[in-house]
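Read the figures in this text as sums done on the coordinates, not as results from a lab. Quick caveat: nothing in here was measured; it's all calculated off a predicted structure. Positions of Cβ are backbone-derived with ideal geometry, glycine not excepted, and every protein chain shown enters the neighbour counts.
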């Protein structure tokens, strides 16, 4: 079994990983972090006039992802599990679904949300979109 755990910096995504390594012990688990400039603190259109600004953001986002992956490996180690890690750039929900389609994923385990209520209303819930569009079962951790 191959389990995909999309992670951001929320406690719910960490709880989703704990659930995956506990309930699906022995499964291949991939932690996926999507670098989505739409949800970045810089926001859409906040890149200025030069492509270098986006490149700098991307480099910083990848460095932060490495820190997230270190934490994910630590969580996995606590449960005598191993995780593979992947980073991709794009829209959160679309990239999670695409990854599941392209990598023979059997199950997605993810946190229910990480944004504030106003952001979820305006932007939609990533987990809700994944549940509706994923080609495999999705376990949503609350």
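A crude spin-label estimate for the pair residue 91 and residue 128, with each label 7 Å from Cα along the Cβ direction, gives 1.5 nm. In this simple spin-label model, placing a label point 7 Å from the Cα along the Cα-to-Cβ direction at both residue 28 and residue 11 gives a separation of 3.4 nm. Cβ crowding within 10 Å, taken as a proxy for footprinting-reagent exposure, orders 33, 103 from fewest neighbours to most as 103, 33.
When each of 1, 7, 110 is scored by the number of other beta-carbon atoms lying within 10 Å, the sequence from fewest to most is 1, 7, 110. If the segment from residue 104 to residue 59 were pulled out straight at 0.36 nm per residue, it would be longer than the present Cα-Cα gap by 13.3 nm.
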